[in-house]
Amino acid sequence: MKIGIIGATGWLGSALGRRLLANKIVQEDDLILFNRSGPRADYHGCRGVIWARDITDLARRSEVIVVSVRPEDWPGLGLIAPDRLVLSFMAGVRIAALAATQGRVIRAMPNAAAEIGRSYSPFFAAPEATALDRERTRRIISAIGTTDELSSEAQVDVMTALPGSGAAYPALLAEAMLGFAREQGLSEDIACRAVAATISGGAELLAGRIGEVGALLDAYRAYRGPTGAGIDRAIAEGFSGAVKTALVAATKKASEMG
């Protein structure tokens, strides 16, 4: 399939383009690119990709068009793509608005882990999207990670708040832990290594076990040691409520962006 990427040198567009080529999901001359800053002589080590003259040229050359631009840039694109699959990576821009392209629309929500092929990018398909469109979407997203099909468009906003946040909430927790470590007089390099062991190493232990986190926390608390005391205090101070409030705010913002 011939895939066009609008926003080909942005964060997600660039990650997608690089991994589509590296995984040989498309050949160089089947990848059509467009961005605001103009063509690059070298695109992730590939010189055979096609740079479209404009949006119309990209739409004409492509079977699938990935729109990976900021939501505020969407109204000015003027994309018209009849009989094309339009795969949107934009937060908040509704299918009702994307229908102006005259294409068959699917919305997906990748995150920054696309760079390492670990993005979880669920999608929702408009009624006119075909089985082939869904198959192609899964194939494209496989370049940057995994996916599931959602049952309603409103769930895309939830996915924007959850997996769409990427490393933001682990980074927020890491920042708080670093602050504590520094206050205790630890050197910067030791503080960083300690927090990395907690955040990154701990995340590896949870891989494949997310459904068991309740039992894991119960085990820590039952031991009645330092970690259990910390968990009890975090709960008492409203940790879970703060996280929920943050996710509600993020979901609301995603719904308002459209």
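When you look at A174, is it under 13 Å from the mean Cα position of the chain (by Cα), modelled with pLDDT of 95 or more and either open to solvent by less than 50 Å² (accessible area, probe 1.4 Å) or among the β-branched types (V, I, T) (or both), yes or no? It is false that A174 is under 13 Å from the mean Cα position of the chain (by Cα), modelled with pLDDT of 95 or more and either open to solvent by less than 50 Å² (accessible area, probe 1.4 Å) or among the β-branched types (V, I, T) (or both). Within the range 73-93, residues that are more than 8 Å from G103 (Cβ to Cβ) sit with their Cβ atoms under 7 Å from residues that are open to solvent by 10 Å² or more (accessible area, probe 1.4 Å) and among the polar types (S, T, N, Q), at 6+ positions apart or across chains, in these pairs: I80/Q102; F89/S68; A91/T160; G92/S255.
Only one residue in A167, A234, A194 is of a type in the set (A, V, I, L, M, F, W, C), under 30 Å from D148 (Cβ atoms) and surrounded by 12 or more Cβ atoms within 10 Å (Cβ to Cβ), so which one is that? Only one candidate passes the filter, namely A167. Annotation note: of A99, A59, A108, A126, the sole residue that is in contact with a helix residue (DSSP H, G or I) (Cβ under 7 Å, 6 or more places away or on another chain), among the aliphatic types (A, V, I, L, M), farther than 16 Å from M257 by Cβ and touching a residue at least 12 places away in the same chain (Cβ under 8 Å) is A126. Here's a check for you: in the range 3-20, which residue that is more than 14 Å from the chain's Cα centre (by Cα) and surrounded by fewer than 21 Cβ atoms within 10 Å (Cβ to Cβ) is nearest to A59 (Cα to Cα)? Only one residue fits best here, namely T9.
Would you call V243 open to solvent by less than 60 Å² (accessible area, probe 1.4 Å) and at negative phi? No; evaluated as a whole, the condition is false for this residue. On inspection, T137 does not qualify as in contact with a strand residue (DSSP E or B) (Cβ under 9 Å, 6 or more places away or on another chain), at pLDDT 95 or above, open to solvent by 40 Å² or more (accessible area, probe 1.4 Å) and hydroxyl-bearing (S, T, Y). When you go through R61, R40, R47 one by one, which is the residue that is surrounded by fewer than 22 Cβ atoms within 10 Å (Cβ to Cβ), in the same structural domain as G17 (by the TED database), more than 20 Å from S121 (Cβ to Cβ) and at pLDDT 95 or above? Matching residue, one of R61, R40, R47: R61.
The values are calculated or read from the model by the stated rules, or taken from the named source; none is laboratory data. Note that the structure is predicted; figures quoted are calculated from it, not measured. Here the Cβ is made from the backbone with ideal geometry for all residues, glycine too, and neighbour counts use every protein chain on show. Just so you know, the surface numbers come from the protein's heavy atoms only, side chains and all, with ligands and any DNA or RNA stripped out. Shrake-Rupley method; radii C 1.70, N 1.55, O 1.52, S 1.80 Å.
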